[in-house]
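Presented below is the structure to which this report refers.
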Amino acid sequence: MADLTPFDPEKHTPKDVGLGGDSTEYLITTETPDGEVIVLPSIWWGEDGEPVFLGDPETGEVFTDAVQQMAKRYEESTGQLFPRFGAAEKENYEKADTWAQERSASGGATNEPLTLMPENLDETGFESSVE
């Protein structure tokens, strides 16, 4: 699964990965190894423009470990970071879930990339203008 990236509207077109329609990200809220709430895509895109869903399209179950590993490799290789929402506490999971739902409802990755360079993040772990 080398050279997979999150959806990029300049390179990719939403496609059906078996989840009931065209998709770009299919976000999950999970936790980093150091205990931060993070939002990650479970759909990754190849250089050929084809999506790879890290889950079971029949059930919609996401393979969280695979998503976390892919995200970690991506962050380490690019320096870009996925949105973080603070310590793994209920209110931060709720904040992350709400943010992901609002992002999806407003067009998601077709409007803006999910990852950001560290200098564009505020102390909460996401771009100040996203609040």
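Just so you know, all these numbers are worked out from the coordinates, no wet-lab data involved. Since the model is a prediction, treat every value here as computed from it, not as a measurement. Methodologically, a virtual Cβ is constructed for each residue, glycine included, from the backbone with ideal geometry; neighbour enumeration extends over all protein chains shown.
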Handout entry: Potential extension, Ser106-Glu91 segment - 0.36 nm per residue separation minus Cα distance
Key = 3.2 nm
Practice task
Give, to the nearest whole percent, the P(r) tail of segment 1-114 beyond 18 angstrom, counting all Cα pairs.
Solution key: 49 percent
Handout entry: Rounded tilt (10° steps) of 90-105 against the dominant C-alpha axis of the chain
Key = 40 degrees
Completion exercise
Per-residue Cβ contact counts at 10 Å, fewest first, order Leu40, Leu4 as Leu4, Leu40
Fill in the blank from the handout: For segment 61-67, in residue order, the Karplus 3J(HN,Hα) values (coefficients 6.51, -1.76, 1.60; θ = phi - 60°; whole Hz; Gly and Pro = x) are 5, 9, 7, 4, 4, 5, 5
Handout entry: Qualifying GluC sites (Glu not before Pro) in segment 1-81, DSSP loop, other Cβ atoms within 10 Å at most 11
Key = Glu10, Glu47, Glu58
Completion exercise
Calc'd 3J(HN,Hα), segment 9-22, phi into Karplus 6.51 cos²θ - 1.76 cosθ + 1.60 (θ = phi - 60°), Hz, glycine/Pro = x, comes to x, 7, 10, 10, 10, x, 9, 7, 10, x, 9, x, x, 5
Problem - the chain - mean residue ellipticity at 222 nm from DSSP helices (-39,500 (n - 2.57) per run, n ≥ 4, rounded to 500) - result: -8000 deg cm²/dmol
